[in-house]
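Every number in this text was worked out from the coordinates using simple rules, so none of it is lab data. Bear in mind that the values here come from a model prediction, so they are computed numbers and not experimental data. Cβ atoms come from the backbone with ideal geometry, glycine included; neighbour counts cover every protein chain shown.
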Amino acid sequence: MAQQTTLPNQYAELNRCGQKQEYEKAIRIANKILQQHPDEFSAFNCKIVSQLLIGSFDEALTALNKDKTHSGLLKFEKAYCEYRLNRTNEALNTLRSITNHDVRTKELLCQVLYRIEQYEECYNLYRDVIKNSQDDYDSERETNLAAVVASLQMWDLKEMNDPGLAESSYEICYNNACYYIGKGDLKTALEKLDKAEELLKTDTDMSEEELDEELAIIRVQRGYVLQCQNKNDLAAQLYNLVMKTKPSDVGLVAVVFNNVVTINKDQNIFDSKRKIKAATGDNLKHKTVSHQRKHININQCLVHMYSNQSEQCHQLAKKLMDQYPDLEAALLIRAAQFVRDKRIEDAVDLLQGYAKTRPKEAFRAQLIISHLYLSQGSVYQACDALKALGVQAYKPGIVSALVALYLSQEDKESASEVLINAVNWYKKNDPKSSALLTLTRANADFQLRNGHAEEAARMLEDLRKVNPGDALVLAQLISSYAHFNSAKAQEISKDLPAVSKIVQGLDVDMLEASFSSIGPKYMKKQPQKGETSPGQSGDMKSGDALMMKKKQRKKKKGKLPKNCEVGGDVDPERWLPRKERSYYRGKRKDKRKEIGKGTQGATAATQALTDSLDASKPTIVGASSEPASPKPSGSASTSSPHSTPTPTPAVQGPRQQKPVQASKKKKKAGGKGGKW
């Protein structure tokens, strides 16, 4: 009897705690009830709900997993705990196990589907929820529906119609802006973003910090639109403005850093490395969508490549290729890194392996292989790579490239074969294509230039069937048949239009005045009004060709040399070079050039001493350091013609020569007190 009176009191206390929002106390009371009455579902339900309200999702999920009796009736709570703990797939499985869905389970399922990026099913489910419910949460559901429509347009690239939701809140305006970004209408997207910012600033219920957080999202999206319009400077200013507010949303910060890296490109690599590292943390998995993470990883690969981190670039690119088999960017980045490492063969092998596994998607890879072969000078291997494109190898651009490459090697037979094969392929597979006429005409011109008259005639016959009135084709056809079948050439020459028909409406005089093969100087002048033309004079016969006489140029007097007077004497040495003339005295020496040469404080005496010690300078034999007098002195003995000359002393080497000591000056007596 005591237990029956205690249980209602405990529930009453539990109810009071719920009304006062004392959820921790409510959990303690619910645990007391469950200890005494383990089968009490209401107490267990109150305990789980209280744990959800205070954010103890781990404890609530643990309690649900342990209790097998009541957890079957609380699948929504269990799915919500898994959703908040980012166990999205487990939450999806839990919600799928519910047989009868109510509004709250459908809304939670929509949230789970949106997070795992199954937008189409989420879109259909939201439309059903909005259609079959009517309460105070309709505006939130419409906002979520607008977000789903924008995601379908942006990420799944599906053409969606505008849902036509009333733009009564900044969230709907922002989502509509994302929708127009996905459609490529950037001008309308900017208008929607401006309207969203105006509506946000009029909201008085938000604090300044909350306002900055919401404005940051709109400004970052506007920066992305400006980047798409190639206005990188304005976008960078917006990104810097957002980062000054220090936003708490790590997903938003990651997007800003990634976009700044794309603006930097291959410049400011140190800043890009720091930003891209912050944008690739493990905590961003649930804050960004897969498309964003994929592009961030691609940009990280590029940063590794530009910073010469070859090994890290290869590792990340290979990881992306395994994670996204259809992602061609990772393959191209890895091939580019091989090229930077001067491993051309590895790059070619990588691209060829991709081309073999995905032949329908290997157009760009084959073009790059051809380019790599050309960079190595392997023209024929480059042509083989272009031929391996399959059906796309018959496009006019590829055919033109092949013909040009073969002609660069003077291989006219291979070039002719390429043109003939391309024409035959279009005749068989796409006879109504405009490319067939282009290739046929090019093939005919090529065959005519290279002397293949029969093949050219066959191509020209095909062109004549398509356009019988083309006189140029007919003329070329007659020229072709004239080489091997003159009878046929005469036969089809009858189809040429008459000369009178050709020249009908042609002004011969105007034609002669407009064009002249001998230049405008010698063109026939048109007679003025009242004058008679040369053809009307009696001296000229009608029908004879008019020859224009060249104007005789007046002989100009030759120019006299400079400083030469008319009738004066002409210098007979004028044909000699200037330096070989008898009156040439050379240029005046500039004595100032000698200033500053040699060591500091050098004099003539020191220079002479330096020259005497320099073995590279020749020494004059018998030369004396004393100056020679014009006449011998009286005491000196003169040498007669019969006397033997005195031998000259041998020249001493630089090591035996002693420098001349300067004479010491005698000090004056008297010391400091002496006179001057």
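Assorted remarks:
- Scoring 385-393, 264-272, 219-227 by mean Cβ neighbours within 10 Å over their residues and listing the highest first yields 219-227, 385-393, 264-272.
- Dipole of region 2-154, positive direction: furthest Cα of L73, Y137, N86, with charges on the beta-carbon: L73
- Normalised by the number of residues in region 2-154, the average gap of Cα pairs under 8 Å and 6 or more apart makes the relative contact order 12 percent.
- Global form of region 99-242, assessed from the alpha-carbon gyration tensor, a/c cut-off 1.5: prolate
- Using Cβ point charges alone (K and R +1, D and E -1), the dipole size of region 349-472 about the Cα centre works out to roughly 520 debye.
- Inverse of mean 1/r across different Cα pairs in region 2-154, Kirkwood, Å: 17.2
- Lys/Arg +1, Asp/Glu -1 at C-beta; region 321-425 dipole; positive extreme among A415, I333, L389: I333
- Whether region 253-326 is rounded, prolate or oblate, judged on the alpha carbon gyration tensor where a/c under 1.5 counts as rounded: oblate
- When peptides 415-425, 373-383 are sorted by average Cβ neighbour count within 10 Å, with the highest value leading, the order is 415-425, 373-383.
- For region 388-507: rounded, prolate or oblate by the Cα gyration tensor [a/c cutoff 1.5]: prolate
- Distance between the C-alpha centres of region 167-246 and region 111-160: 21 Å, rounded to the whole angstrom.
- Remark: region 2-154 carries a charge dipole of roughly 420 debye about the Cα centre, counting +1 on each Lys and Arg Cβ and -1 on each Asp and Glu Cβ.
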